[in-house]
Structures are given as structure tokens and as C-alpha cells.
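Q: After the C-alpha cells below, expect a handful of questions from me.
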Amino acid sequence: MVTQFSRGQKAQLSAVTQGTDLYVGIAINAPGEWDISCFGLDGDDRLSDDRYFVFFNQPTSPEKSVQLLGPQSGDTQAFRVSLDQVPASIGRLSFCAALDGGGSAAAIASGYLRIVVAGTEVLRYSFTGADFTSERAVMIGDLYRKGVWRVAAIGQGFQGGLAELIRSYGGEVADEPAAVPPPRHDQRKAPTPSPAAPGQPAPGQPAPAYGGQPAPAYGAAQPSAPPYGGGPPPGGAAPMPGAMPGAQPPVGAFGGPEPLPSQVQPTPPGAMNSLAPYREVPTAGRWTQQNGKLVKVTLGPDALALRGSMVAYQGNVEFDYKSGGLRGLIEGKLTGQSLKLMTCKGSGEVFLAQDASDLHIVELGSSSLCINAKNLLAMDATVRTEVRRIESAGIPGGGFFHFEVSGPGSVVVMTKGSPMTLPVQGPTFADMNALVAWTTGMRVSVSTQVRISRQIYAGSSGEALALQFMGFAGHFVVVQPYEV
């Protein structure tokens, strides 16, 4: 399943793919000639080593961790990135495009950056000229390290061309001569050169220098690049060993190539354009918040959810309404804290909601939390649960039951309205009917400050029962602006 990114979105790469051998394809459907390149930047986001500026005249980094492949399967330009070979001195790979000639990025009819792993497209970020104005260069997307490899859809315009973009990253561009004779026709880049077409830079061609070092001729023919899963080159030679499969265009139902989804044509106005603000949020982990009232769980390991809370799903998913031991343990307790759960299993994504309640994803880690059953929507199957009782003579029935959940895993908590997390820094009181959750390990008792109802005791406050919490630093209670 392709994860769709939007402008400015960032995520850990592992949330999209576990692969480290990536095919990065970039397409720009616009007038003029666009030079697409990759900047290998250091920890200060500077081009400290010009050998890691990968473009048409320098098609590979020293250890070949980044390789320029040329046009591939509908992509204007493509790269192969071997993340496990990128040296530690390189902290960011920035993919950019610069217009060679007149015009601006506002004329881009459509464009995208996509990542393919083992023949399967896993990520796509689409953009159009509506995102830009008079800029002549675009910073499209980044692969960068922040503890782990991450991916970002940048979509930021840049006023200058390629030379100014290089300077902005700390590179040096030699001053061009006052008059440069126009290159001969056979020295100019073809608009869509074959990745295997031979070509050498013309000797003596004026060119800028990057990082203070002389560079090959700017504007010379693109060097030959191996096909990237694109089939044998002319002459019947076999494909390059080790080339990533999957760069072939998909085949449609009638044998012809299937077009890429709306990326080579402008998106027409209409219903989809109007509803774009509500589109699915790309997967960013096991649990993904779609909006304040809907969450998505990506299956692999099983998940547990309230019966009837599924609003949509994609993939090969099964729902077991006869969940085993956990449901039997919970429903066997006649405590008012019973849950009717279903097991979600298989491979795919399940979208969950309940009565338009506000939903909150809580990652437990190795900690424990006490939760009212009426506020629990879903959880990982690895979460351990136990029904607990707070005993007090002041509580009707002699006790107050709740769930104690403990990791590893996450739980999804429901509230009516936006909750408040209140640190316990002394005696703290909470209405039993507004209480959502609290940390384990605190001393909990019934407050003697309030009574049950003014209808019973004249002159009382009218408040329901309140629980008193006593704990040390780090403890908290969660309440909602609604009494169940």
C-alpha cells in the first residue's frame, strides 16, 4: 500500500518501509528543462564535501551510496540510495530540482517524489505549481538522520536557480565568463536522454566549480547510467546484476501500461479536490491518529477493539467476535467494568471510532495505567489487563472497579470533550463520573468533603462522589468535561 505524504509531512522511514535499498523517482511535468539533483549534506546541513552533490555530471557518490539512474519508467529522474552505505558524515540527502532557463515553478502542472522498495511503491508525495509562485528551484524531499532514518516532504520553493541553490547549501560556484559561446547542438542535454546513452563532457566547456573544486562541464551530455530494473538495454544485453526490480510500469487489465494515478496530468477541480483536507493521514506507526475522533491501526500483530467500533478497513482483515481469554476474563467479572471486545487480525488497516468521542492514543511502554472501562476503545493484544477494586465504605456497593492496563503496547482512550491531565502534587480530588484515568501506585480513597446529592441531604453541594488521590511527583489524573 502506497503511503501518501502531504507537504511538510515527516515520519520515520521505518513506518513506511523496513528496506534500506531505495529507488527514488522524481517527475516534473512542466515547461522547460529541469535539472534534478541530490545534495548530500553534513550535520550542519552544509555541502561540506562536493563529491556528495550527485547530478548529471557527477552521477554517483564516492562509495556509490547515491547513484543517478536517469529517466526511468515515467520518472523524469531517478536515484538509487543505499542507506546502509551512506557514511556517517552525511546526515541529510536533499532532492531538489532547478529550472534551466526562463519560467518558474508556478508552471508545474504536476509532479511527485516516490520511493520504491523491492519493486513496490511505498511512498508518494505529489505537488503542483499551486504550491509555488516565481521560484525557479524546488526543494522536493529529504531523507535524513535523527537517531534513525526519516523522510520528509519539503515542497519549498527557492528563488534562485541551481547555482544559487548550491550556494545556499554552502557550496561554491565559480563566476561565469562575461560571454560564453552557446554550446553546439551535440553538447546540450537531450530533454529525455536514455539512461544508457553514451556521452562525455565536452573538453573546455565553461563550468562552475562546487566546493572550491573544478567540476565537469555544466550542460554536457549526461553520462551513461545503468538501467534500474528497466529491462535489457538496446542490443539485447542483460540487465545490470543487482538492479532493483519494479521500475517497470504496471500492466493494465487490457495489456497496456497502467498510468500512474493523476500524477502526469493536473488534478481537475471537483469533489476530490474539495475533500482533500479530509483525506487519510499516512501511516506513521502502529497507531495513527486520523483526526480527533478517528484512529487507524496497522495490523500485523492482533489488536483488540470494542465491538462495532470499526468504521472502515483495507486489506485482508478478519474480525473475531468470539475473542478468547481476555474477553472471558473481563466479562466474567460482574463489576460494571465489562467490555465487549473483538479481535482484529490479518494484514491491513482498520479505522476505529465510537459515537464521535474524542480519541487519544496512549503508549504504555513498560508502565501501567488505571482506566475506567467506559473510556477504553482499543488496545494492542499484548497489553495486559486486570480488573481492580478500590474499596471504601463511602462508595455505594462498597467499592469502585476499574481496569489496570500495563504494557508493552498502546491503548486508545475515549473522552467526551478535551480532557485535562492534572499532576498530583498534593491531595487531589476528582469526580468519579468525570474520572478517565490515573497512574498506578497512588493512594486512593473517598473524599469526605462532599456528599452524594442535595436531593437527599438538604444543604449539600450537589456534587457526586469524589475520589482523593495522594502520590509523589510524576503521578497524574485525567478528567473529562463530562459526567457519565
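The values are calculated or read from the model by the stated rules, or taken from the named source; none is laboratory data. All values derive from a computational prediction rather than experimental measurement. Every residue, glycine among them, receives a Cβ derived from its backbone with ideal geometry; neighbour counts consider all protein chains shown. When the accessible area is computed, the model is the full protein with side chains, heavy atoms only, and any ligands, DNA or RNA have been set aside. Shrake-Rupley method; radii C 1.70, N 1.55, O 1.52, S 1.80 Å.
Q: Using the Karplus equation 6.51 cos²θ - 1.76 cosθ + 1.60 (θ = phi - 60°), what ³J(HN,Hα) coupling, rounded to whole Hz, does each residue of the range 81-88 give in order, writing x for Gly and Pro?
A: Ordered by residue, 3J(HN,Hα) equals 10, 9, 4, 6, 9, 5, x, 5 Hz.
Q: Rounded, prolate or oblate: pick one for the range 36-114, where a ≥ b ≥ c are the square roots of the eigenvalues of its C-alpha gyration tensor, a/c under 1.5 means rounded, and failing that, prolate if a/b is larger than b/c, else oblate.
A: Values: a/c = 2.09, a/b = 1.57, b/c = 1.33.
Note, shape of the range 36-114 comes out prolate.
Q: From the cross-link list LYS10/LYS296; LYS296/LYS416; LYS10/LYS416, which pairs have alpha carbons spaced over 27 Å apart?
A: Working: LYS10/LYS296 18 Å; LYS296/LYS416 19 Å; LYS10/LYS416 30 Å.
Exceeds cut-off: LYS10/LYS416.
Q: Checking the a/c ratio against 1.5 first, then a/b against b/c, what shape does the Cα gyration tensor give for the range 97-161? Could you put the intermediate results ahead of the total?
A: On the way: a/c = 2.65, a/b = 1.75, b/c = 1.51.
Prolate shape, in that a/c is at least 1.5 and a/b is the bigger ratio.
Q: For LYS146, give me every one of the aspartates and glutamates with a C-alpha distance below 19 angstrom, ignoring sequence neighbours fewer than eight places off in its own chain.
A: Counting by Cα, and skipping residues close in sequence, LYS146 has these aspartates and glutamates nearby: ASP21, ASP42, ASP44, ASP45, ASP84.
Q: Sticking with this structure for a sec: Find how much the distance from ARG388 to ASP302 grows on full extension, using 0.36 nm per residue of separation minus their present alpha carbon separation; answer in nm with one decimal. Can you show the working numbers first?
A: On the way: separation 86, 0.36 × 86 = 30.96 nm, distance 2.48 nm.
Net length gain for the segment: 28.5 nm.
Q: How much length is gained on full extension from SER347 to THR133, taking 0.36 nm per residue of separation minus their Cα-Cα distance? Walk me through the numbers before you get to the answer.
A: Working: separation 214, 0.36 × 214 = 77.04 nm, distance 4.25 nm.
Difference between extended and current length: 72.8 nm.
Q: State the answer as a single residue: which of ILE108, TRP149, SER134 lies farthest towards the positive end of the charge dipole of the range 101-150, with beta carbon charges of +1 for Lys and Arg and -1 for Asp and Glu, about the Cα centre.
A: Looking along the dipole axis, the top candidate is TRP149.
Q: Apply the Karplus parameterisation 6.51 cos²θ - 1.76 cosθ + 1.60, with θ equal to phi minus 60°, to every residue of the range 35-46 and state each ³J(HN,Hα) to the nearest whole Hz, in sequence, with x for glycine and proline.
A: After applying 6.51 cos²θ - 1.76 cosθ + 1.60, I find 8, 9, 9, 10, 9, x, 9, 7, x, 9, 6, 10 Hz.
Q: What's the ranking of 79-85, 471-477 by average number of surrounding C-beta atoms within 10 Å, highest first?
A: Details: 79-85: 17.7, 471-477: 15.0.
Per-residue Cβ counts within 10 Å, averaged per peptide and sorted highest first, yield 79-85, 471-477.
Q: Next question. With a Förster radius of 41 Å, plug the Cβ-Cβ distance of ALA312 and MET420 into 1/(1 + (r/R0)^6) and report the FRET value to the nearest 0.05.
A: Numbers: r = 31 Å, r/R0 = 0.75.
Computed FRET efficiency for ALA312 and MET420: 0.85.
Q: What is the spin-label model distance, in nm, from ASP431 to ASP21 if the labels are put 7 Å beyond Cα along the C-beta direction?
A: Taking the two extended label points, one gets 6.1 nm.
Q: Give me the number: length gained by fully extending SER14 to ALA109, i.e. 0.36 nm times residue separation minus the C-alpha to C-alpha distance, one decimal in nm.
A: Numbers: separation 95, 0.36 × 95 = 34.20 nm, distance 3.11 nm.
Stretched out fully, the SER14 to ALA109 stretch lengthens by 31.1 nm.
Q: Among all the aspartates and glutamates, which ones have a C-alpha under 14 Å from LYS293's C-alpha, if same-chain residues fewer than 8 places away are not counted?
A: List returned: GLU280, ASP355, ASP358.
Q: What order do MET310, MET139, MET379 take when sorted by accessible area (1.4 Å probe), most exposed first?
A: Working: MET310 60, MET139 25, MET379 5 Å².
Sorted descending by solvent-accessible area, the residues read MET310, MET139, MET379.
Q: At a Förster distance of 41 Å, what's the computed FRET efficiency of SER445 paired with THR120, Cβ-Cβ distance as r, to 0.05?
A: Working: r = 57 Å, r/R0 = 1.39.
E(calc), rounded to 0.05, equals 0.10.
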